[in-house]
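A quick write-up on the structure given underneath.
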Amino acid sequence: MEESLQTQVLIVGAGPSGLMTAWRLAEAGIPCVVIEKQSAVGAHLNCAGGVDESVLDFVGMGRGGYIKQHVDTFRIYYNDESYRRRYRNWKGIVVSRTEFDRALALRAEEAGVKIMLQTRLDGLQRDEDGDFIAQVTSVFGLKTIHSRLVVGADGPKTKVGTCLGMAPRLRPDQYIVFATMDLGGLQLEETEAWHFLFRDELPNSYTWVFPHGKHAANYGVGMLPGQHHGNWLKDLLRADPLLHKILGTTTPEVRRRGGGIVPLCGPRPLDEIVTDGALLVGDAAGMIEPIFGEGIFPAVLSGAAAAETIVDALSRGKTDKATLAVYDRRWRAMPYTDGWTLEEYLNWMLSQYKPFYRLFTRKTWRWKRRWMIRRFFSD
Ligand SMILES: Cc1cc2nc3c(=O)[nH]c(=O)nc-3n(C[C@H](O)[C@H](O)[C@H](O)COP(=O)(O)OP(=O)(O)OC[C@H]3O[C@@H](n4cnc5c(N)ncnc54)[C@H](O)[C@@H]3O)c2cc1C
């Protein structure tokens, strides 16, 4: 392969945000290349895969084998209290993220997207016309990619955002840390529910169990940084009676461990997610719901909004910041679940972040907790 490649739009990162952007661009006939540093789409992924089912209708994907569980209930546990909220109109799913991302990649490739694996972005420069020269390390021997536009879909530590001065290093109050395990050998009592456990002795954090059928689940913990709860996941799994009751066993089989960080909204989404010739999408733009870290849906919505913006900009022959700024309005107006726009939803969740965590302290009356939980999870 040549050392240099030319394309109209370079998309960095083959997660849901990058693949969605690429797929929509390809459908509009715009040549684009996606680069991904991993050896396969969905490799080394750490995601619990819980998402609103309507994401599939938005993306335009059928109900494929990547769905591991249908869900219509939230189960919230606090110490020895248990609350159950069941929905008639809302449907959640648990997907295998690897399989979901691969299904998305397949559709993007069928539409004409070129995905280059084992190709990592190392740096970005501009030529004299303001177009981009991306420096990459690639198994194909590729060294540079020239493009008119760049989309940063490269996750919370975005290299694109950093190179272009759009994404300052996250402060500890701007992310939560997730540690997770895939479990097998279970006898789950209640499969059609997302389970969230809160405890006084583990403040500013929660544990989740997302069933994959009756015998397997994703299990994890989300915590504010600096909590030093390193062994929680293991300790709870070994000795927690409530967790054992949910899992239906005291000896689950640990199939995989992982973890990662989840950027919180506030003050993200970043002040700047657009600059001359470049946009950030998904986690790179900090578009993630701040209580449970739901980022798959915002990722595909922002990808679609970015693609629409690029199609318009290229049809007008202008890719400067002022022209691309419409992206900011577009992602905000994207339809989220239940009649909410993405902006309304993220803002509401952001405003509820502190009150929500305050619910799970001894200072909160039980009746108030019950009332608030109903309010949080109402239709
Ligand atoms: C443990 C954990 C559990 C989670 N659970 C849920 C959940 O249940 N539900 C939910 O909705 N969300 C969940 N999230 C959040 C969700 O995973 C993200 O919001 C989502 O993946 C964002 O998609 P994205 O495409 O923006 O970024 P990503 O999926 O992170 O994709 C970014 C891609 O860019 C690639 N990349 C990075 N740097 C470079 C580079 N320099 N060159 C080339 N490629 C690069 C990466 O390899 C990666 O493939 C979870 C996150 C974690 C960490």
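The values are calculated or read from the model by the stated rules, or taken from the named source; none is laboratory data. Just so you know, these numbers come straight off a predicted model, no measurement behind them. We place every Cβ from the backbone using ideal geometry, glycine too, and count neighbours over all the protein chains shown.
For Leu350, state whether it is in contact (Cβ under 8 Å) with a residue 24 or more places away in the chain and buried (at least 18 other Cβ atoms within 10 Å of the Cβ).
Working: in contact (Cβ under 8 Å) with a residue 24 or more places away in the chain: yes; buried (at least 18 other Cβ atoms within 10 Å of the Cβ): no.
No; evaluated as a whole, the condition is false for this residue.
Among the numbered criteria (1) more than 10 Å from the ligand (Cβ to nearest atom); (2) crowded, with 23+ Cβ neighbours inside 10 Å; (3) modelled with pLDDT under 95, which one does Pro172 miss?
Unmet for Pro172, out of (1) more than 10 Å from the ligand (Cβ to nearest atom); (2) crowded, with 23+ Cβ neighbours inside 10 Å; (3) modelled with pLDDT under 95: (2).
Say we look at segment 82-113 and pick out the residues that are basic (Lys, Arg) and away from the ligand (no atom under 14 Å from the Cβ); which of these is surrounded by the fewest Cβ atoms within 10 Å (Cβ to Cβ)? Can you show your working first?
So the first thing to find is which residues in segment 82-113 are basic (Lys, Arg), and the list is 84-86, 88, 91, 97, 102, 107.
Filter once more, keeping what is away from the ligand (no atom under 14 Å from the Cβ): 84-86, 88, 91, 107.
Values: Arg84: 13, Arg85: 17, Arg86: 12, Arg88: 7, Lys91: 15, Arg107: 19.
Among residues in segment 82-113 that are basic (Lys, Arg) and away from the ligand (no atom under 14 Å from the Cβ), the one surrounded by the fewest Cβ atoms within 10 Å (Cβ to Cβ) is Arg88.
Here is a list of conditions, (1) buried (at least 21 other Cβ atoms within 10 Å of the Cβ); (2) at pLDDT 90 or above; (3) not acidic (Asp, Glu), and Pro241 meets all of them except one; can you say which number that is?
With (1) buried (at least 21 other Cβ atoms within 10 Å of the Cβ); (2) at pLDDT 90 or above; (3) not acidic (Asp, Glu) applied to Pro241, the lone miss is (1).
If you go through segment 77-115 one residue at a time, how many are in a strand (DSSP E or B), in contact (Cβ under 8 Å) with a residue 60 or more places away in the chain and more than 22 Å from the chain's Cα centre (by Cα)?
7
Does any residue in segment 153-164 that is outside the structural domain of Ile176 (by TED's automatic domain parsing) come within less than 8 Å, Cβ to Cβ, of a residue that is of a type in the set (Phe, Trp, Tyr) and not in a loop (DSSP other than H, G, I, E, B) six or more places away or on a different chain, and which pairs are these?
Qualifying pairs under 8 Å: Pro156/Tyr175.
Which of the residues belonging to segment 127-162 are part of a helix (DSSP H, G or I) and surrounded by fewer than 19 Cβ atoms within 10 Å (Cβ to Cβ)? First the steps, then the outcome.
The initial filter retains those residues of segment 127-162 that are part of a helix (DSSP H, G or I), namely 159-162.
If the condition is that a residue be part of a helix (DSSP H, G or I) and surrounded by fewer than 19 Cβ atoms within 10 Å (Cβ to Cβ), then Thr162 is the only one that fits.
So Arg120 clears everything in (1) in a strand (DSSP E or B); (2) free of Cβ contacts under 8 Å to residues at least 24 places away in the same chain except one condition, right? Which one?
(2)
Taking the stated definitions as given, is Ala179 of a type in the set (Gly, Ala, Ser), outside any loop (DSSP other than H, G, I, E, B) and either at pLDDT 90 or above or within 15 Å of the ligand (Cβ to nearest atom) (or both)? Steps first, please.
Details: of a type in the set (Gly, Ala, Ser): yes; outside any loop (DSSP other than H, G, I, E, B): yes; either at pLDDT 90 or above or within 15 Å of the ligand (Cβ to nearest atom) (or both): yes.
Taking the combined requirement at face value, the residue satisfies it.
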